[in-house]
Amino acid sequence: MTCFFIKEGVYAQSRDKVLVLGESDKLTSLVNKLKADFDVAFVKNAEDIAANNFKLLILASENTVDAAYRIPVHEFLKKGGNVVFLGKETFNYKPDFQNGTLLSDFKKDFEIVWPERDFKIASVDKPEIKTYECATCKTISFETKNRGMRDVLLGLSVKNKASKTKNTLNFRAKGSHFMDLLALEIKDTKGKKWYSFLPVSPDWETYSVSLADFIPENWSNGAQAYPLLDPSTADSLYIGLNSSTVWKEKAMGFTLGDIKIGENRKNSYQPSALLQTLRYPFQTIGIKYPEWIIDPFFNYRKLDHVNLITKGNFISQVSVPGTFTEVYALPEFFYEHPVSTSGTDTKKTYDNKENRVSRREQLLVDKSSGAVVGEFIQFANGPYKLGSISSLGVNISEIQAKSGISDLIANLIKEVAGKPRIISVAVNTTEKKNNNSIYPLFKVNIQNVKNQIVKGKIELLINNGVTNTLDIALVPNVNKQYSLELKSLPANFSLKNFVWKVRLTTANGMDELTDTVDVEKAMLASFKFLTNAQKFYPDGRFSNHYFGDAYGVRAMFAYMDYLKQNPQAKSKYPDIWAGFSESDIKNSAEKFYDMLVARQTSFGAYPMGYSEHAGGYNVADGGQMALSIMQSARYISDVNKKNSYINSVVKFGDWAEEYYITPELSAQLKISHPEEYKKGQALAGLYGLGLSGKRKQQTGPSWVLADIIAAQILLSKQANTAADKSRFKAIAERNSRFYVKGNYNAVGYYQAEALFWIYLTTHGQDLKELIKNNLKETFVEPLLKGIENDMFLLGGRATLKALPLIYYQRYIEDNEDIRAVLFKYVWNFAAEHSSSSIYNTAKIFPKAVHGESLATSKYAALSSLWAIELIKPGSSLVSFSTN
């Protein structure tokens with residue numbers, strides 16, 4: 001193997017230099033093109049990467065390279081280096097199993113272990129364990145019927161069976177919807193433990209796991225290579241459940257079969273790229289995952305006989321002629337397997353979104369399927385800050401044979417090494433001070449890759465008109481952030497659809513970051529994400545928090561009505577509609593409501609998606625689900641289904657009244673619950689939290705009422721009988737006056753929405769004035785502080801603040817401040833180059849469990865509701881008169 005370097009010059013007149021790692025005789029076409037603009041030097045080992053200060057590295061081997069290159073490449077990226085991956089093999093250490101020996105037939109030679117963890121979990125069941133044998137299989141299954149599973153491991157002896165050559169496990173396995181991650185442990189002959197994990201699907205699949213993927217217990221240095229397990233010292237293997245890594249509240253099961261130890265046909269013993277997806281499971285058990293493992297082609301998808309086209313304007317376009325016999329569609333680069341211990345609102349130690357701030361540019365796509373085959377990623381934060389990774393899933397032989405591909409690569413290298421570029425754009429607002437107006441604030445990060453000061457200009461364009469310009473002088477080899485205000489946002493500006501562009505112009509050339517912010521497209525992408533997320537679960541949920549899911553379903557019903565009135569909308573966004581249909585949205589939405597109604601308790605409470613194993617039912621959560629059902633009723637044409645839904649909400653409303661705190665109950669609670677009374681959670685007029693197992697929680701904070709008042713208002717208007725309407729009218733009027741007169745703040749997303757339901761339906765002008773003042777002081781003013789990414793606060797729920805803000809703009813006051821905040825929320829959600837957009841966040845966490853994955857689901861669901869309200873005003877409300 002021969003390696004070529006092309007290094008950025010120390011002096012301005014020096015030619016840049018680039019490093020190429022690959023078989024030189026198979027890269028002559030590309031190297032000859034590079035020589036026209038770059039110098040070439042030769043190295044022979046991995047140490048040369050670390051020993052030289054190069055700015056660009058090409059990894060272009062047809063074969064898997066020595067693992068000694070992995071950490072130097074990682075360190076190279078950490079220093080701001082730029083790496084181009086060509087082909088799929090460079091860091092492909094995935095084992096290829098052969099010559100296996102069966103470890104157990106499950107008649108004997110195995111044990112069942114009930115491990116004691118550092119955490120305690122209540123309300124779980126011991127699994128039913130069964131063995132099964134057929135002519136070609138031997139399996140053992142673990143299953144619970146009602147609740148989550150107690151931690152359990154299947155133990156097998158591997159002593160004198162594993163060896164230097166027999167270092168790979170192979171077995172068949174299937175999990176379940178709530179058991180999608182197997183815990184793997186090995187105890188060596190000295191009693192030391194080694195750990196790994198394996199994602200599994202609900203279907204039978206065959207898996208191979210190298211013993212090199214087992215990390216020693218308590219390993220705390222993710223920057224260094226961990227010591228590999230000596231297979232000959234392996235004593236016992238354990239496979240099963242670590243309940244800290246899965247959603248542990250529901251019935252679950254897993255089955256294992258034909259567990260073997262054998263050889264790796266590749267004759268290598270190195271950690272696989274699977275570990276790059278398992279940061280959080282390892283973190284949960286106190287192990288630092290190996291951050292130096294990186295392979296953008298892990299879980300690639302093979303495409304046969306395709307035509308490729310170049311995409312975007314990041315590099316100079318070239319013609320890519322002919323059919324490619326085999327290319328590789330890129331997987332989502334930073335998929336993170338979620339865990340259940342990362343928090344409802346995402347614990348800080350599990351929050352990695354800032355590290356994912358990046359610029360992504362598609363380079364090559366398959367013309368027919370749209371699958372991405374080439375991509376450029378510029379990191380703006382995280383361990384690879386200022387570094388970049390480009391990946392092209394094309395065989396080395398076709399790079400050599402087709403000049404268009406080598407031209408594209410050469411143009412890419414010229415772009416990356418040759419001129420300053422925009423590495424990220426984010427949008428916030430300026431901060432409200434001294435009654436000044438606030439404006440959208442574009443925060444632009446620029447990197448100067450040159451070894452000299454470069455003067456230039458940044459321009460901000462909206463709908464192709466220049467709105468702000470800034471002259472700059474870029475320091476050599478430094479990243480700097482510049483701020484540009486958007487001071488022209490008139491009252492008639494359409495937030496639904498606009499084009500934005502940031503343009504950098506220097507003597508070295510021009511770089512632009514631009515896209516169209518299309519709220520309808522982003523909303524539709526949210527629906528597609530949610531319907532796919534729903535498929536991970538068996539019961540109709542999108543996530544484990546039904547109250548959040550309910551907002552997305554509410555938006556789905558409204559959008560289906562919009563499509564009836566605007567059928568031409570179905571012809572837009574063919575990339576989103578590919579493999580997706582209107583019936584998918586309809587079926588997904590109805591499945592969720594049908595599930596709520598079917599699983600509603602006999603006494604009227606709705607399931608929550610969490611605490612179900614412990615008999616938990618919250619009045620507040622149920623109120624948000626009830627609001628969703630009642631508001632959606634206007635869009636449901638099936639009369640029987642509609643009446644069934646409404647009657648279900650009546651039943652819930654009656655149950656909620658059991659938790660209403662009367663003056664008499666308040667007096668009792670003052671004595672029985674003095675602490676809650678002191679906190680104002682036992683005042684007459686409020687509601688208790690709900691049911692916790694067999695215990696009624698009769699006290700509760702003011703937000704319980706805020707969560708149920710809208711459903712009560714809608715029942716007073718839309719219940720199926722006059723008696724129900726009359727009963728809930730009295731309840732709604734009582735609660736509306738109490739809540740407004742109490743002047744409870746509207747800082748949260750649900751309080752402001754609740755106040756608007758009262759505002760839009762009350763006849764009392766005194767209440768309207770109180771609401772307007774409250775909203776201005778406690779809802780609007782906190783939004784004017786210029787807090788970056790505030791839509792992700794409260795575990796993604798804060799994005800819904802855009803909904804009452806839209807109401808505020810329409811029904812109370814429109815000004816530059818309101819438009820600036822709405823612009824921020826819209827841009828972050830719907831701009832494809834926004835790291836916070838639904839397009840990017842949804843790719844990281846396709847399944848909602850806890851932490852960031854749950855926040856992503858809520859971000860999609862709640863944002864889609866304000867999106868449909870922006871597209872079709874009034875669609876998130878109901879049509880009735882307040883006269």
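The values are calculated or read from the model by the stated rules, or taken from the named source; none is laboratory data. Predicted model only: the values in this text are computed from it and were never measured. Because the Cβ atoms are built from the backbone with ideal geometry, glycine has one as well, and the counts that use them run over all protein chains shown. Quick note on the areas: whole protein, heavy atoms, side chains included, nothing else; ligands and nucleic acids left out. Shrake-Rupley method; radii C 1.70, N 1.55, O 1.52, S 1.80 Å.
Annotations
- When the residues of region 676-697 are filtered to those that are within 39 Å of the chain's Cα centre (by Cα) and under 17 Å from F738 (Cβ atoms), the one that is surrounded by the fewest Cβ atoms within 10 Å (Cβ to Cβ) is G680.
- Condition check for K521: in a strand (DSSP E or B) and modelled with pLDDT of 95 or more: no
- Condition check for H673: free of Cβ contacts under 8 Å to residues at least 40 places away in the same chain and either crowded, with 16+ Cβ neighbours inside 10 Å or touching a strand residue (DSSP E or B) at 6+ places or on another chain (Cβ under 6 Å) (or both): yes
- Where T136 falls short, out of the listed (1) open to solvent by 20 Å² or more (accessible area, probe 1.4 Å); (2) touching a strand residue (DSSP E or B) at 6+ places or on another chain (Cβ under 6 Å); (3) of a type in the set (V, I, T): (2)
- Scanning region 342-356 for residues that are surrounded by fewer than 22 Cβ atoms within 10 Å (Cβ to Cβ) and either in contact (Cβ under 8 Å) with a residue 24 or more places away in the chain or on the phi > 0 side of the Ramachandran plot (or both) turns up G343, T344, D345, K347, T349, Y350, D351, N352, K353, E354, N355, R356.
- So R727, is it under 16 Å from F652 (Cα atoms), charged (D, E, K, R), open to solvent by 40 Å² or more (accessible area, probe 1.4 Å) and in contact with a helix residue (DSSP H, G or I) (Cβ under 9 Å, 6 or more places away or on another chain): yes
- Residue among S632, S666 that alone is part of a helix (DSSP H, G or I), out of contact with any Leu (no Cβ under 8 Å at 6 or more places or on another chain), small (G, A, S) and touching a residue at least 12 places away in the same chain (Cβ under 8 Å): S632
- Looking across region 812-832, just one residue is surrounded by fewer than 23 Cβ atoms within 10 Å (Cβ to Cβ) and under 21 Å from N355 (Cα atoms), and that is E832.
- Evaluating K641 against the criteria (1) open to solvent by 10 Å² or more (accessible area, probe 1.4 Å); (2) closer than 16 Å to K696 by Cα; (3) in contact (Cβ under 8 Å) with a residue 40 or more places away in the chain leaves one unmet condition, (2).
- Selection count, region 114-130, where residues are surrounded by 14 or more Cβ atoms within 10 Å (Cβ to Cβ) and either at pLDDT below 90 or in contact with an Asp or Glu (Cβ under 9 Å, 6 or more places away or on another chain) (or both): 5
- Residue match in region 341-359 (condition: basic (K, R), more than 20 Å from the chain's Cα centre (by Cα) and in a loop (DSSP other than H, G, I, E, B)): no
- For P281, the stated conditions hold: it is assigned to a helix (DSSP H, G or I), open to solvent by less than 50 Å² (accessible area, probe 1.4 Å) and touching a Leu at 6+ places or on another chain (Cβ under 8 Å).
- Pick from region 132-148, criterion part of a strand (DSSP E or B) and modelled with pLDDT of 95 or more, ranking: farthest from I186 (Cα to Cα): E143
- If you go through region 317-328 and keep only what is part of a strand (DSSP E or B) and either crowded, with 19+ Cβ neighbours inside 10 Å or free of Cβ contacts under 8 Å to residues at least 24 places away in the same chain (or both), you end up with T323, F324, V327, Y328.
- Enumeration of residues in region 375-384 that are under 14 Å from V83 (Cβ atoms) and not polar (S, T, N, Q): E375, F376, I377, F379, P383, Y384
- Just one of the listed residues (P331, P290) is open to solvent by less than 40 Å² (accessible area, probe 1.4 Å), out of contact with any Ser or Thr (no Cβ under 8 Å at 6 or more places or on another chain) and without any contact (Cβ under 8 Å) to a residue 40 or more places away in the chain, namely P331.
- Considered as a group, the residues in region 172-202 that are over 22 Å from S340 (Cα atoms), in a loop (DSSP other than H, G, I, E, B) and not β-branched (V, I, T) include one that is least open to solvent (accessible area, probe 1.4 Å), and that residue is G191.
- The one condition in (1) in contact with a Phe, Trp or Tyr (Cβ under 6 Å, 6 or more places away or on another chain); (2) crowded, with 19+ Cβ neighbours inside 10 Å; (3) within 23 Å of V826 (Cβ to Cβ) that D561 fails to fulfil: (2)
- Residue ranges of strands (runs of 3 or more DSSP E) in region 19-91 with at least 1 members open to solvent by 10 Å² or more (accessible area, probe 1.4 Å) and of a type in the set (F, W, Y): 41-43
- If you go through region 154-175 and pick out every residue that is in contact with a Phe, Trp or Tyr (Cβ under 7 Å, 6 or more places away or on another chain) and over 20 Å from K138 (Cβ atoms), you end up with 1.
- Scanning region 586-629 for residues being open to solvent by 10 Å² or more (accessible area, probe 1.4 Å), in a loop (DSSP other than H, G, I, E, B) and either among the β-branched types (V, I, T) or modelled with pLDDT of 95 or more (or both) gives a total of 4.
- Among all residues of region 569-581, there is at least one that is open to solvent by 30 Å² or more (accessible area, probe 1.4 Å), touching an Asp or Glu at 6+ places or on another chain (Cβ under 8 Å) and not in a loop (DSSP other than H, G, I, E, B).
- F334 being closer than 30 Å to P216 by Cβ, of a type outside the set (K, R) and modelled with pLDDT of 85 or more: no
- Listed by position, the helices (runs of 4 or more DSSP H) contained in region 748-811 that have at least 1 residues being of a type in the set (D, E, K, R), in contact with a Phe, Trp or Tyr (Cβ under 7 Å, 6 or more places away or on another chain) and open to solvent by less than 20 Å² (accessible area, probe 1.4 Å) form an empty set.
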